[in-house]
Structures are given as structure tokens and as C-alpha cells.
Amino acid sequence: MADKLKGVIQEATFDKATFEDKPVTIEFAPINFLYGQNGTGKSTIASTLSDSTTSTFSPSYTPESFDVLFFNQDYIVNNMTAVRDERGLGAVFMLGSVNQEINEQINKKRKEIEKVANKAAAQTATLTDRQGEISKEIEKVKSKFLATTQKVRENYKNKLLSAGEATRFDKILELIDNFDNTPYLDSPVTLVSLEKYYIDFIANVSSDLPVLKLEVHDFFEDLSIFAETLINSTASQFKEFIDKLGAENWFRESYDKFSKSDTDGLCPYCQQPLPDDFNEQVAHAFDETYSNKIKELQKVIRLVKNHLENIRENLQELMNQTWSDEKYLSDFIRVCGNFTQILNKNFELLDEKNKTPSLKIELVSWTGCLDDIHDLILKNNKKANEINALKADPAAAKQKGLSMLISYMKCLTSGEIAEYKTKVEEKNTIGKSIEKISTDAESEKKTLELEVEELKLKLTDTGTIVDSINKLLKNSGFTGFHLEEIDHETHKVQVIRDRTKLPAKRLSEGEKNFLMFLYFYFSVKGSSDPTGEIKNKIVIIDDPVTSMDSNALLIISTLIRELIGICENNYKLEDGITKVDYIKQIFLLSHNPYFFRATTDEWIDEYTYVSYYYVHKEGNQSGINLMKAINPSNPTEYTNAFPVKNAYNALWDQFNNTACDSVSLMNAARQILEHYFIQICKTKSTKIRKELLEVHKDAFITVDEFGNEDTSNYNMVSSLLSCLTSTLDDDFAFDVSAFSTDSMRLNFKQIFKIMRQEDHYNAMAK
């Protein structure tokens, strides 16, 4: 058996929505037709195919090699929205030119020559008008700048600014553009700071500021003794007694005081006689090493206290000096307060250590405070030197004052300056654009004129692309409007109602769908590449004829068959002529049996590169069946099977069966009416009943020569239509077997004729 060719998309797995429970993997041919009722999963199939990441591509291709063009309801909504503008255009299309004949190319080039000239003139006029508007906007910005800076300019006219600089915008802007705040300014300039600087350094020159210095010598004494526990190492009963009382330091002070005086052998406190060996016991209790340590401790304590006191006195002197900046002074006072706290804390610790030598202490470091003080002094002295230098150089002082003034005005008018420069740049850019438009237009016209000369001998009169579209619209039955080209450069056309000669404000759903498919059609045939090169394409079309009448449906069918033919040219050549073949794979999905048959029937015998699929759903699970059958003429081969017969077409097969009894015929007819008019044509049941049973009631009632009415056909039609309502009308119930199948078929045909769907009836009935 002959194998099917695989398309660019060789297979795809469908595992979303109604395919989620039981995913389906399907192999696809180059040309693929999928039929199924609404709700069976066709939209899921189409959207999955449009996503290249979910499909398996042929090893010979990559997804990047193709433009995937996908037509569905989302495409209609998105593109119709995208092409509307403030003028209320009915529809706008980007038309392709790939398949135009040589004569169309010549006509187009002639129009392009005219377009280039008109375009250049129109663009130049528009840009010139814009230049004039920008000039007015620039003057407004300049006036706003001058008004904002008026007070400060007048105040410093002939002081920091010359008369010309103070009154002319361009001079002030030049000063601002050349301004560099780095050499002088270290903080934002305010009007107050500017005025103070001018008074202090320009208007009234004061005395020089002093250079401050902190006279602090490094402290190199060993402070490790503060971490030692100083106790007497000699053991005695007397020493244990003193230690138990914790009176070692008290006893030492008392002994040193009274041992040098004559106590007549009595205790100076209780007046009791002292032991004869008292002095020996004391000597044993307090050894010489301990005494030396105590003396060393007291020495270090004195040195530390003196050092800290000297620093405090030095800081006090600095506090009384004149500082270059009040902020530096306030920071200095704050740090001095921190130092005082550290000094007081250390004095407390030293006193405790002196009183209790056995106590370990750790002094609070004051070096951090001194480092901060040194930094402040350095900053102060740097600024003081700068100020003193400025006072010694009036020109430099004035220059800094000017810098402060410019900085202030720059900050005050930053928005105006930025807006001014933006508008000036825009104006200059427009000027360059006008010049370029003129140059480019002349060059383009010369090129087009040469191309026209080369094609003149091949000139034919086939009309413009707009004419072609208008012919399609007219042939589709939409005779109430036509298209007018409104922009050659962007290929825009406008929908005009013939009756009013005005742009269409509103289109029906069927009209929108039809127009958007035309847009899609030309997009497929055109190129999205700036060079005009046509990229290979994969085309996916999902239910394109929703809400369309039979005329539109016929036109769409014709156009799609053309696109299918382009795809077919990859696999089938006629008369040795190579035709266009840029569509490498195509998918058509539909629920409309008439449209499906009219569009796809031509390829039913092409099994090798064409596949038919039936999409169905049982419960909430969708499935896809490849429709094929054994070739009756060659049992070793397969042929394609038409999927419509599995659903709607099967009803027509039953209707067309001459052996069908009246009851079966009535059931088939009822289901056809419900499916076609309600589901496919989207016609309301109330409208159908009104048209047939009220407006065209006489079509089903006959009157004999005596004036008697025969309503049997009317009753039969009423019974047929009962399937289109939510409740059945018992008043029109009748014995179906009482009527012939021929009369049923005649009345059935009459229904389609009255509802203006006779073409569909003729296509389906035999």
C-alpha cells in the first residue's frame, strides 16, 4: 500500500481541554482537512498546531524557517481592532503584491511616482507646520525661564552678571551650559546661601579665618597594670584577719599615717596596747613587691588623668575659636561632649582602681573621639584656607559667586532648560527630516521612472488590487459597500457604504469575518519581509465561515481552494510548469458540512499527500479519526473517506434515500433543519417560524376551485419546525405516515428556498 507523505509538522500531541484525559497523537500530511461539530475540540487542535513548540517538525526543517499563519476568531477580533482608527474606518488591510501581473506592477509604479511626490509634499507641509508650532513652544519656554529667574537676575545685575548676561536668555543659557560646579561648590545652592556668600566675600570682605590645631601628644605609658589584681602575697594570721575584713587598703593607709608618729605603743583607734611584735606582723603582712606595685599604679593614674585633662583644656580652647562652617563647629561640640563623657567615666574607673588595687579595670578608649576631632579640624582648615584664598583673590571670589548664581538658576529652571533643549533638538531634527524627504523623494522618483520604462512594453490593463477586492465583495453578495484605497504607502483601504457614500460605522459579524478572511488571504499571499521575499508558510484555518451567507461562503471556499492548490504544487506539477509552492503545509478545520464539502471535495482522491480527519467527542473526551477506506478498485491501497458522512452528511444521505419511509424521512428532515439553521446559520428559531408560518404562510396553503383551504402542508411544516423550539406544539401533531415522502421533500425544499438557502439544498439533495 502507498504510504502517506508526512508534512512539515509530522505529528502533534493534543493533551489540553477535552483531550486532557486521553491525549491523542496524530500524524499529519502536507494537506489536512478536519471536520467536527462545535465543541468537539477543533479549536484546541488548531491552537496546538499554531504553537511550534508542541509539534514535531520534519528533520529537514526548523520552526524558524516558517511563518505560521493562523486564522480563527481571535485573529478576527485582534486584527479588526488593530486596523481601526479615529476616523472610523470599517476595515484596513495590508495587501500583498506577490502574484500581480506585470501590468499591475506598472500601474502600481505609476501610482507610486505620484504617491512619492504627494507624500513628500504632504510630509514637508506637516513637518513645516510642526516646526512653526515648536518655535512658538520654544518662545513660551524662554519666557517662563526669564520670569522664573527675573528677581535673582535683577538683584545681581552689574554685580555678578553683566547687563547683557542678565537680560538675554541665550547668554544665560551659555553660562549654564559652560558651568562646572566641581572647583567651588560642595553643597546645593540656596538663595539664602548665595546672598550670604555675596555679602561675606564680595560685598564685605572680612578678616582671615584661623587655622586650627589640636595640641595632643601621644600617650605611651603602659596601662597593663589596670588589668592586674594587686594583693599581698605573704600569709599570716594577721593578714588573714585583714583579708577577711576586706580592710587591706584601709589598714595600709592608716599604718602609713600613724606609724610615722609616736603612738606610745597604743592603737590610734581603740587606745589598746599593741603587741610587741606588731610591726613585724605588719611587715610580714605587706611585702615590698606589693608596695612597689601600688606606687607604680598611683603614678600611672596621675599620668592618665593629667593627659586627659590637657586634652579637655585644648578642646575648650578650640571651641572658642572661629570656625569656617557652623556645621563643623556643631559637630565639634558634639564630639567634645562625647570625649567629656569618656573622661568622666575613666576618672571614675581610675579612682576605683586606686581605692581597690585588687580590682581589674579597662579604660574607655578616647582615640576614636580624637580621630573624629582631627577630621573635623582638617575639614575646617581646608575650607578656611579656601575662604582665605578667595578673600586674597577678589576675582576668584566673584567667580565662585557667579558659579553659585548659575548653579541656583540651573537648579531653579532645570525643567525649562531640559524642555527648551528637547524642543530645539526636535526642531533641528525636523529640519533634517525635511531635507532628507526632498532628497529621498527625487531619488525614489527617478528609480521608479526607470523601472516604468523597462516595463512599458509589457503593459496590460488589469486594474488595481482594490478593484480586485471590490470585485470579490460584489461577487460575494455584499453589494451594499465597496473599498477605497486611502494610503498607498501602508496599503490601507476603507469600507464605504454605497447608499450613504460614507465610511461604514458598523459591520455585521458575517461581514467582519469575511473581510478579515480577505485580509488573512492577502497576508498569506504577501510577504512580511521588508525585502519582499516570501518566506515558506504553514497555514491553519479554523472555521472561517461563521455567520456568513451562502455567497460569502462560496467566495471563501474558492480562495481556500486556491491556497490548498499552492500547497499542492509542492507535490504535483502540471504540464511541467513549476508553480508557486511557498505554502508547505495547510490545515482546514470546519463544522459546516456544506462548506467543508465544497472546499475539500476536490482532493478526496489524493491519498498520498492529503488527509481527512473526523473530530468527535463522547462525554467530555475528544478524539480524532483518520478517515480512510480500502480502495474498491485496488484492495491493496487505501483511499480517503469523507468525514462529513459521519455526522451531518449522513442525515442528507438518509433524506436522499428513496427507500426511506415517511417517519424516518421526517426525523432526518427535522435534524437537518435544527443542525443547519440553528447551529450553522445561527438563525433564531423564532425568526424561522415567523418567516415560514406567518410571513410566507401562503406558500404552504392551497385553495381549491370552491375556495376551500388545504392546510395539510402547513401542518406538516409546523411539525417539522417543532424541533426548533424548546416545547413541542401538540396542536400541529399529525400522523406522519399519512403523508407521502414526495410531499415531504417538496415542502422541505420550499423551506430552504424561502430562507434563501436554496444553494445549500441543491448541493446536498439528490
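For every residue, the table says whether it meets (1) in a helix (DSSP H, G or I); (2) modelled with pLDDT of 80 or more.
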site	(1), (2)
Val644	yes, no
Asn649	yes, no
Cys660	no, no
Gln671	yes, yes
Asp698	yes, yes
Asn715	yes, yes
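Restricting the search to region 471-503, which residues are at positive phi and modelled with pLDDT of 70 or more? Break it down into steps so the answer makes sense when it comes.
Of region 471-503, the ones at positive phi are 477, 491, 501.
Listed by number, the list holds a single entry, Lys501.
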Practice task
Quick one: count up the residues across region 563-576 that are modelled with pLDDT of 90 or more and out of contact with any Asp or Glu (no Cβ under 7 Å at 6 or more places or on another chain).
Solution key: 5
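Looking only at region 137-156, filter to residues that are within 44 Å of the chain's Cα centre (by Cα) and in contact (Cβ under 8 Å) with a residue 24 or more places away in the chain; which one of those is farthest from Tyr408 (Cα to Cα)? Walk me through how you get there before you give the answer.
Looking only at region 137-156, we keep the residues that are within 44 Å of the chain's Cα centre (by Cα), and these are 137-149.
The next check asks that each one be in contact (Cβ under 8 Å) with a residue 24 or more places away in the chain; those that pass are 137-138, 141-142, 144-145, 148-149.
Values: Glu137: 24, Ile138: 22, Val141: 18, Lys142: 17, Lys144: 16, Phe145: 13, Thr148: 12, Thr149: 9 Å.
My answer is Glu137.
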Handout entry: Any chance Ile76 is assigned to a strand (DSSP E or B) and of a type in the set (Val, Ile, Thr)
Key = no
Exercise for the section: Given the conditions (1) in contact with a Ser or Thr (Cβ under 8 Å, 6 or more places away or on another chain); (2) assigned to a loop (DSSP other than H, G, I, E, B); (3) modelled with pLDDT of 75 or more, report the number of the one that Tyr290 does not fulfil. Expected result: (2)
Problem - Residue match in region 360-368 (condition: assigned to a helix (DSSP H, G or I) and crowded, with 17+ Cβ neighbours inside 10 Å) - result: no
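Do you know which of the residues in region 504-554 that are of a type in the set (A, V, I, L, M, F, W, C) and touching a strand residue (DSSP E or B) at 6+ places or on another chain (Cβ under 6 Å) is modelled with the lowest pLDDT? Quick ask: steps written out before the conclusion?
Looking only at region 504-554, we keep the residues that are of a type in the set (A, V, I, L, M, F, W, C), and these are 504, 507, 514-518, 520, 522, 524, 534, 538-541, 545, 548, 552-554.
With the extra rule that they be touching a strand residue (DSSP E or B) at 6+ places or on another chain (Cβ under 6 Å), the set shrinks to 504, 520, 524, 538-541.
Values: Ala504: 73, Phe520: 84, Val524: 84, Ile538: 93, Val539: 95, Ile540: 95, Ile541: 95.
Result: Ala504.
Would you please name the residue that is nearest to Asn38 (Cα to Cα), looking only at residues in region 604-642 that are assigned to a strand (DSSP E or B) and touching a Pro at 6+ places or on another chain (Cβ under 6 Å)?
So the first thing to find is which residues in region 604-642 are assigned to a strand (DSSP E or B), and the list is 610-618, 621-626, 628-631, 634-640.
Right, trim to touching a Pro at 6+ places or on another chain (Cβ under 6 Å) and you get 612, 614.
On the way: Tyr612: 17, Tyr614: 12 Å.
Per the criteria, the residue is Tyr614.
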Exercise for the section: Show the residue pairs that are 6+ apart or on different chains and have beta-carbon atoms under 6 Å apart, the first residue being within region 1-28 and within 21 Å of Asp581 (Cα to Cα), the second being basic (Lys, Arg) and modelled with pLDDT of 90 or more. Expected result: Val8/Lys584
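Would you pick out the residues in region 606-620 that are in contact (Cβ under 8 Å) with a residue 40 or more places away in the chain and not basic (Lys, Arg)?
Filtering region 606-620 for residues in contact (Cβ under 8 Å) with a residue 40 or more places away in the chain gives 606-617, 620.
Across region 606-620, the qualifying residues are Glu606, Tyr607, Thr608, Tyr609, Val610, Ser611, Tyr612, Tyr613, Tyr614, Val615, His616, Asn620.
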Practice task
Select from region 29-53 the residues that are touching a residue at least 60 places away in the same chain (Cβ under 8 Å), farther than 24 Å from Tyr607 by Cβ and not hydroxyl-bearing (Ser, Thr, Tyr) and list them in ascending order.
Solution key: Gln37, Asn38, Gly39, Gly41
Exercise for the section: Return the residue satisfying two criteria in turn: it lies in region 657-690 and is touching a helix residue (DSSP H, G or I) at 6+ places or on another chain (Cβ under 6 Å) and small (Gly, Ala, Ser), and of such residues it is farthest from Met716 (Cα to Cα). Expected result: Ser685
Fill in the blank from the handout: When Lys445 is run through (1) crowded, with 18+ Cβ neighbours inside 10 Å; (2) of a type outside the set (Gly, Ala, Ser); (3) at pLDDT 80 or above, the failure sits at (1)
Exercise for the section: For Phe14, work out the one condition from (1) crowded, with 19+ Cβ neighbours inside 10 Å; (2) at pLDDT 90 or above; (3) under 27 Å from Ile630 (Cβ atoms) it doesn't fulfil. Expected result: (3)
Practice task
Could you check Glu326 against (1) loosely packed, with under 12 Cβ neighbours inside 10 Å; (2) touching a residue at least 40 places away in the same chain (Cβ under 8 Å) and say which number it fails?
Solution key: (2)
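The values are calculated or read from the model by the stated rules, or taken from the named source; none is laboratory data. Keep in mind that what you see is a predicted model, and the values were worked out from it rather than measured. Positions of Cβ are generated from backbone atoms using ideal geometry, with glycine treated the same way; all protein chains shown enter the neighbour counts.
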